[in-house]
Amino acid sequence: MSDISFKNLFFRYYDRKICDGSITFSQLGISKMDFTRICTEDNFVFDQETLERVCAVMKLTDAEKAELLEAAARSSKN
C-alpha cells in the first residue's frame, strides 16, 4: 500500500463519487464539524462507525476500503 494520507485518499474517493453523481454529501452522514476538521486538520480521522458508513455509502471496492482503513490507522498514530 502507498503512504498517502487518510485525508488525501478520502478526498480522492469522495471527489470522484461526488463528481460522477453517485453520492451526495448528506448521504455520507458526516457532520459539518467533522467535514471541516478533515479539510483543515492533516491527521484527522473519522471514528470507526463513520468510516464504515462512508465506505458503504461510497460503495468502495474491498481494495479501496482496505487502503482507506490502513491510511486511517496510519494517520491516527500521528
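The values are calculated or read from the model by the stated rules, or taken from the named source; none is laboratory data. Owing to the predicted nature of the structure, the values given are computational and were not obtained by experimental measurement. Here the Cβ positions follow ideal geometry from the backbone for every residue, glycine too, while neighbour counts run over all protein chains shown. Quick note on the areas: whole protein, heavy atoms, side chains included, nothing else; ligands and nucleic acids left out. Shrake-Rupley method; radii C 1.70, N 1.55, O 1.52, S 1.80 Å.
A few notes on this one:
- Peptides 10-18, 23-31 ordered by packing proxy, namely the average of other Cβ atoms within 10 Å per residue, highest first: 10-18, 23-31.
- Basic side chains Lys and Arg get +1 at the Cβ, acidic Asp and Glu get -1 at the Cβ, and with that the dipole of region 1-58 about its Cα centre reaches some 200 debye.
- Full-extension gain in nm, residue 11 to residue 42, via 0.36 nm per residue minus C-alpha separation: 9.9 nm
- What region 15-78 shows is 61 Å² of accessible area per residue, with the surface traced by a 1.4 Å probe over protein heavy atoms.
- As a ratio to 2.2 N^0.38 Å, the alpha-carbon radius of gyration computed for the chain takes the value 1.00.
- Once C-alpha pairs closer than 8 Å and six or more residues apart are averaged by separation and normalised to the residue number of the chain, the relative contact order reads 48 percent.
- Which of 31, 9, 72, positive extreme of dipole for the chain (C-beta unit charges): 31
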